[in-house]
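The values are calculated or read from the model by the stated rules, or taken from the named source; none is laboratory data. Here the structure is a predicted model, which is why all the values come from computation and not from measurement. Glycine also receives a Cβ, built like all others from the backbone with ideal geometry; neighbour counts cover every protein chain displayed. The area values use the complete protein model at the heavy-atom level, side chains included, leaving out ligands, DNA and RNA. Shrake-Rupley method; radii C 1.70, N 1.55, O 1.52, S 1.80 Å.
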Amino acid sequence: MTFGTPSLKIGRCGSLTSLNPWLVPQDRSTEEVPPSREFPTRERARTKVTSPQPGIPTPDVVDRLPRRDAVWPATVWWLGVHGGAGESTLAMLAAGSRPAGHAWPVPTMPGTTHRVVLVARSNYAGISAARLAAIEWASNTLGDVIDLAGLVVIADAPGRTPKPLRDLERVVAGGLPHVWRLPWVDAWRVSPVDSRLPLHKEFRQLFSDLEITTASTPAHH
């Protein structure tokens, strides 16, 4: 699925082509986008892409996530797109899930597909890293071995996320199948994560959407 924007000029990612405007920003010096199209509305944000798209250029090598062979099965692979994103925390909480170790978990068995959820913090560096990972997936460089379910954005601080970061997140959200937002958990700042304690409703909704259950004991470090 695409979002119907005409050819866009891009910088280091490629040349003039038909692109998803939520993943690849346009050069405003050559074409002006009406304000109503800069960011998807809440309703439109629910209608996101569900598979890679033609015309999305592959990011430069330095901007791509590494890949690693993943032998073990998992209900979900949590792929932290930067250090400290929270992939290990989610793996402790969700039964049968695993942290991807900040790399695409490429299955070693032919014909196998791994379900992956990107994980990022809600700061500028985190959301920007998520955007690059989304572009890499959308460019189809990973083939059919990765089933990207979406992106989890975990609050990097208590309180409301600043508007510029919310705007940036909406741009990235428009190019992904789904985005979940998880709150800051102050208790995890001073004590270990305990999967036996009640979770915030946002975590329960995430696991429900992915059809996975909460772990009763910590797992997969």
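Can you find a residue that is within 23 Å of residue 123 (Cβ to Cβ), modelled with pLDDT of 95 or more and not hydrophobic (A, V, I, L, M, F, W, C) anywhere in region 16-29?
Within region 16-29, none of the residues are within 23 Å of residue 123 (Cβ to Cβ), modelled with pLDDT of 95 or more and not hydrophobic (A, V, I, L, M, F, W, C).
Can you find even one residue in region 154-169 that is at pLDDT 95 or above and touching a Leu at 6+ places or on another chain (Cβ under 8 Å)?
yes
Pick from region 164-184 the residues that are touching a Phe, Trp or Tyr at 6+ places or on another chain (Cβ under 9 Å) and assigned to a loop (DSSP other than H, G, I, E, B): which of them is most open to solvent (accessible area, probe 1.4 Å)?
By that ranking, first place goes to 183.
Please enumerate the residues belonging to region 187-211 that are open to solvent by less than 90 Å² (accessible area, probe 1.4 Å) and part of a loop (DSSP other than H, G, I, E, B).
191, 193, 194, 195, 199, 200, 210
Restricting to strands (runs of 3 or more DSSP E) lying wholly in region 54-163: which have 3 or more residues that are of a type outside the set (Lys, Arg) and open to solvent by less than 40 Å² (accessible area, probe 1.4 Å)? First the steps, then the outcome.
Details: elements: 67-70, 77-80, 104-107, 114-121, 146-154.
In region 54-163, 77-80, 104-107, 114-121, 146-154 are the strands (runs of 3 or more DSSP E) which contain 3 or more residues that are of a type outside the set (Lys, Arg) and open to solvent by less than 40 Å² (accessible area, probe 1.4 Å).
So which of 153, 116, 76 ends up being in contact with a strand residue (DSSP E or B) (Cβ under 7 Å, 6 or more places away or on another chain), within 24 Å of residue 191 (Cβ to Cβ) and either without any contact (Cβ under 8 Å) to a residue 60 or more places away in the chain or among the hydrophobic types (A, V, I, L, M, F, W, C) (or both)? Give the steps one after another, and end with the answer.
Working: 116 fails: within 24 Å of residue 191 (Cβ to Cβ); 76 fails: within 24 Å of residue 191 (Cβ to Cβ).
Of the residues listed, the single one that is in contact with a strand residue (DSSP E or B) (Cβ under 7 Å, 6 or more places away or on another chain), within 24 Å of residue 191 (Cβ to Cβ) and either without any contact (Cβ under 8 Å) to a residue 60 or more places away in the chain or among the hydrophobic types (A, V, I, L, M, F, W, C) (or both) is 153.
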